[in-house]
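What follows is a single structure, written as structure tokens, with notes after it.
Derivation of every value follows stated rules applied to the coordinates shown; laboratory data play no part. Every value quoted in this text rests on a predicted model; they were computed, and no experiment measured them. Glycine gets a Cβ as well: all are built from the backbone with ideal geometry, and neighbour counts include every protein chain shown.
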Amino acid sequence: MHSTDSQPSVALAQNLLAPELSIIVPTFNEKANVGELVRRLDLVLRDIAWEVIFVDDNSPDRTYEIVKQIAHKDSRVRCIHRVGRRGLSGACIEGIMSSSASTVAVMDADLQHDETILPKMYQAIRDGADLVIGTRYSGEDASSQGLSPIRQWGSNLATDLARKFLHIDVSDPMSGFFMLPRTRVDAVTAKLSEEGFKILLDIIASTPTPLKTVEIPYHFRQRIAGESKLDSLVTAEYLGLLCSKLSGGYLPIRFLMFLIVGATGIAVHLAMLQVALHAFGFAFPTAQLTATLVAIAWNFVLNNQLTYRDRRLKGIKFLFGMATFYVVCSLGTFANVGASSWLFEREPNQIIAGLAGAILGAVFNYAASSTLTWHK
């Protein structure tokens with residue numbers, strides 16, 4: 001009888017203690033999983049004073065309501081309901097900043113991360129580690145079978161690029177499952193980007209001195225409920241983060257993504273120009289106009305899906321946004337041609353003049369579309 005009654009008393013005592021460990025869980029449409037995650041955390045963290053902070057980006061399935069219902073009964077559960085703000089990295093940063101615990105962990109709500117290794121991760125921090133990563137790729141217990149083939153390819157590519165260009169030598173820099181002292185995040189908060197999905201890579205790359213890192217392998221599970229919010233576009237978004245870090249953080253990730261999309265638009269333009277000329281027999285002016293209109297539409301759709309995924313336009317807003325994007329790109333073309341022509345008259349170098357015009361046009365398109373098309 002005594003042993004049966006002791007478990008609730010332990011949980012009650014932990015409820016009254018200031019948390020030693022805060023677990024940050026960003027959520028979007030995860031109402032089917034949050035209750036089970038809390039139950040599992042309660043089982044594995046009985047010897048640690050913990051709290052879990054769910055940061056919900058105004059989920060259409062109203063995940064935040066489920067979390068608040070749980071929090072009403074369990075003070076170790078908290079909810080940050082974000083309205084008008086989107087993005088996994090931003091959610092993680094906001095959750096960490098709201099914590100008062102000396103140690104913070106980040107994990108997903110989809111139950112694919114193995115919560116049973118959390119005590120091992122916490123012990124590694126207490127033993128002096130600066131960063132502990134739950135890795136899918138190193139050790140006998142590691143497994144990445146929960147990844148789709150596309151996500152597996154993207155993760156492998158990201159790991160190779162991080163090692164080559166940023167000299168980050170960990171097995172799983174794309175991991176969303178990690179733990180570190182709160183002070184380590186505080187030291188680099190101003191350098192972190194709220195855009196994108198890869199907060200771990202951002203923290204490692206933003207820290208000026210190497211972190212004492214421990215990697216703990218785990219079995220990456222199959223998702224049971226809900227749908228993954230990560231798709232093949234995340235790999236492209238990762239490339240934007242990589243380039244931003246290589247620039248010392250001076251070039252925003254969103255602007256770099258805008259440029260990457262623009263580069264694909266050039267390829268689409270050239271391909272459509274050939275189709276219009278040879279398949280449809282259009283005169284060059286008509287073919288050029290057709291190719292331009294198709295390329296602008298391509299850029300709009302891809303930017304809407306990738307660059308501005310946190311401000312994604314749908315329905316009538318999508319059509320209105322496309323119309324404003326056409327206007328912005330038309331003005332950007334005039335800025336491009338005007339600037340390059342003006343510079344060429346003073347310094348007759350075709351490459352310099354053309355490059356300067358292209359850069360000005362890109363900056364104008366980015367600034368104007370951020371304000372007019374994908375404004376908050």
Original post:
Got the relative contact order for segment 253-372 handy, in percent, Cα pairs under 8 Å and 6 or more residues apart?
Top reply: 23
**OP:** Please list, in chain and number order, the residues 5+ apart from residue 23 or on another chain whose amide H is under 5 Å from its amide H, with Hs placed from the backbone.
**Re:** 51, 52, 53, 105
**OP:** Rank the residues 203, 266 as a footprinting-exposure proxy: fewest other Cβ atoms within 10 Å of their Cβ go first.
**Re:** 266, 203
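Can you put 319, 355 in order of Cβ neighbours within 10 angstrom, beginning with the fewest?
Ascending number of Cβ neighbours within 10 Å: 319, 355.
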Subject >> Cα centroid of segment 171-207 to Cα centroid of segment 267-327, whole Å >> reply: 36
Original post:
Quick one: which of 280-286, 117-123 comes out on top by average Cβ neighbours within 10 Å, and what's the full order, highest first?
Top reply: 117-123, 280-286
